[in-house]
Amino acid sequence: MGNISSNKLGQVMHLMLDRPEKKNALTPAMYSDLAKALNSAKDDFDIRVVVISGAGNAFTGGNDILDFMDTPPTGPDSPVMQFLSILHDFPKPLIAAVHGNAVGIGTTMLMHCDLVYATADAKLSMPFVSLGLVPEAGSSLLFPRLVGHVIASEIFLTGRNFTGTEAHEMRLVNELTSDPLAKALEVAEVIANQPPTSIINTKALLKSGHHQAVAMVMEAESELFRIALESDEAQIAFMKFLEKKSKG
Ligand code: COA
């Protein structure tokens with residue numbers, strides 16, 4: 001697949017965001033490929049666990065900003081919403097391996113993963129407000145639930161970066177390691193060798209208390225996000241990104 005590499009390692013599927021020259025910034029085609037890969041992993045009895053990582057020196061720079069301007073998501077059928085939907089509903093364990101930048105959806109997708117490994121110096125951020133946008137992927141519910149209201153507010157409202165070390169302290173990350181992918185694959189193999197029905201049922205139980213609530217929040221967020229994308233605040237922020245790029 002184009003900018004998503006998919007590799008089957010025994011009963012583990014490794015999906016790699018593979019657009020390193022653009023910090024793995026996610027395009028509609030990449031969201032579609034991710035959604036397709038997750039849907040096929042869901043239905044494939046031989047796949048027990050999925051690991052997601054990024055190629056090159058980043059996890060992902062987040063949604064491609066040029067695509068935010070040229071092909072903004074329009075509704076539940078848009079590639080990004082299809083990806084978020086299967087990410088939220090994916091029944092098997094998802095493990096993320098994070099290094100370098102994890103911007104926007106690069107951080108919010110971690111809240112849907114079951115285990116997360118990261119380097120201490122990974123740079124996470126959710127600069128939605130700074131871009132004139134609003135949080136997405138259920139993060140306005142999942143993040144404060146994880147870290148408490150005041151920390152979530154501070155991070156969302158200032159748009160500041162936080163390190164892998166800080167993410168570990170926040171319990172967004174299981175463990176810090178210099179090689180998150182190796183660690184993620186090692187743990188994935190352990191989980192893949194557990195009884196598969198117990199794994200699926202246990203994941204469903206762990207999520208059952210908030211699964212429906214997250215779906216509702218995701219819908220509300222996506223409505224506001226779509227409106228925000230068209231706003232002057234967002235368009236000005238995107239133009240600033242382009243100007244910075246053109247100045248080199
Ligand atoms: N959309 C489009 N292009 C992106 C991108 C994104 N989200 N993230 C990175 N890129 C591109 C850069 O424009 C650059 O392209 P170029 O070589 O054609 O100029 C290339 O990837 C390398 O990125 P660069 O900015 O040179 O790397 P850096 O290490 O200095 O900074 C980031 C990395 C991720 C901090 C920076 O690229 C950035 O802020 N990206 C935008 C993040 C963002 O706001 N995403 C949306 C979240 S909702």
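Check the range 230-246 and report whether any residue there is without any contact (Cβ under 8 Å) to a residue 12 or more places away in the chain and not in a helix (DSSP H, G or I). Lay out the reasoning, then the answer.
The initial filter retains those residues of the range 230-246 that are without any contact (Cβ under 8 Å) to a residue 12 or more places away in the chain, namely 239-240, 243-246.
Those still in the list that are not in a helix (DSSP H, G or I) too: none.
No - not one qualifying residue is present in the range 230-246.
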- [ ] For the range 196-232, name all the residues that are surrounded by 15 or more Cβ atoms within 10 Å (Cβ to Cβ), out of contact with any Ser or Thr (no Cβ under 8 Å at 6 or more places or on another chain) and not hydrophobic (A, V, I, L, M, F, W, C).
- [x] Pro196, Lys203, Lys207, Ser222
Open item on the list: Pairs needed: first member in the range 76-91, under 16 Å from Ala29 (Cα atoms); second member anywhere, modelled with pLDDT under 95 and basic (Lys, Arg); C-beta distance under 8 Å; at least 6 residues apart or different chains.
Closed with: none
Open item on the list: Any residue in the range 6-29 that is assigned to a helix (DSSP H, G or I) sitting within a Cβ distance under 9 Å of a residue that is within 9 Å of the ligand (Cβ to nearest atom) and aliphatic (A, V, I, L, M)? List the pairs, counting only those 6 or more apart or interchain.
Closed with: Pro20/Ala58
Open item on the list: Considering only residues that are buried (at least 18 other Cβ atoms within 10 Å of the Cβ) and either under 17 Å from Tyr117 (Cα atoms) or of a type in the set (A, V, I, L, M, F, W, C) (or both), which ones fall in the range 43-54?
Closed with: Ile47, Val49, Val50, Val51, Ile52, Ser53, Gly54
Task: Single residue of Phe45, Phe68 found to be within 16 Å of the ligand (Cβ to nearest atom) and either assigned to a helix (DSSP H, G or I) or out of contact with any strand residue (DSSP E or B) (no Cβ under 8 Å at 6 or more places or on another chain) (or both) - done: Phe68
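Is there a residue in the range 29-36 that is farther than 23 Å from Ala188 by Cβ and either out of contact with any Lys or Arg (no Cβ under 8 Å at 6 or more places or on another chain) or modelled with pLDDT of 95 or more (or both)? It would help to see each step written out before you state the result.
Keep residues of the range 29-36 that are farther than 23 Å from Ala188 by Cβ, which gives 29, 32.
Cutting the leftovers down to either out of contact with any Lys or Arg (no Cβ under 8 Å at 6 or more places or on another chain) or modelled with pLDDT of 95 or more (or both) gives us 29, 32.
Yes, the range 29-36 contains a residue that is farther than 23 Å from Ala188 by Cβ and either out of contact with any Lys or Arg (no Cβ under 8 Å at 6 or more places or on another chain) or modelled with pLDDT of 95 or more (or both).
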Task: Boolean, Ser40 is in contact (Cβ under 8 Å) with a residue 24 or more places away in the chain, hydroxyl-bearing (Ser, Thr, Tyr) and surrounded by fewer than 24 Cβ atoms within 10 Å (Cβ to Cβ) - done: no
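Only one of Leu131, Leu84, Leu124, Leu110 is at pLDDT 95 or above, under 26 Å from Ala204 (Cα atoms), in contact with a helix residue (DSSP H, G or I) (Cβ under 7 Å, 6 or more places away or on another chain) and buried (at least 17 other Cβ atoms within 10 Å of the Cβ); which?
On the way: Leu131 fails: under 26 Å from Ala204 (Cα atoms); Leu124 fails: under 26 Å from Ala204 (Cα atoms); Leu110 fails: in contact with a helix residue (DSSP H, G or I) (Cβ under 7 Å, 6 or more places away or on another chain).
From the options Leu131, Leu84, Leu124, Leu110, the qualifying one is Leu84.
Could you list all residues from the range 154-173 that are hydrophobic (A, V, I, L, M, F, W, C) and part of a loop (DSSP other than H, G, I, E, B)? Explain how you work it out, then say what you get.
Step one: filter the range 154-173 for residues hydrophobic (A, V, I, L, M, F, W, C), giving 155-157, 162, 167, 170, 172-173.
Matches in the range 154-173: Met170, Leu172, Val173.
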Task: Of residues in the range 100-137 being in a strand (DSSP E or B) and of a type in the set (Ser, Thr, Tyr), the one nearest to the ligand (Cβ to nearest atom) - done: Ser125
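Tally time: how many residues in the range 174-196 are part of a loop (DSSP other than H, G, I, E, B) and over 21 Å from Asp121 (Cα atoms)?
Restricting attention to the range 174-196, the residues satisfying the condition of being part of a loop (DSSP other than H, G, I, E, B) are 174, 177-179, 193-195.
Within this subset, residues satisfying the condition of being over 21 Å from Asp121 (Cα atoms) are 193-195.
Qualifying residue count for the region: 3.
Identify all residues within the range 48-65 that are closer than 27 Å to Ile199 by Cβ and assigned to a loop (DSSP other than H, G, I, E, B); write none if there are none. Write out each step before concluding.
We begin by selecting, within the range 48-65, every residue closer than 27 Å to Ile199 by Cβ; these are 48-54, 59-60.
Selection gives Arg48, Phe59.
The values are calculated or read from the model by the stated rules, or taken from the named source; none is laboratory data. What you see is a predicted model, and the numbers here were worked out from it, not measured in a lab. Heads up, the Cβs are rebuilt from the backbone with ideal geometry, glycines too, and the neighbour counts pull from every protein chain shown.
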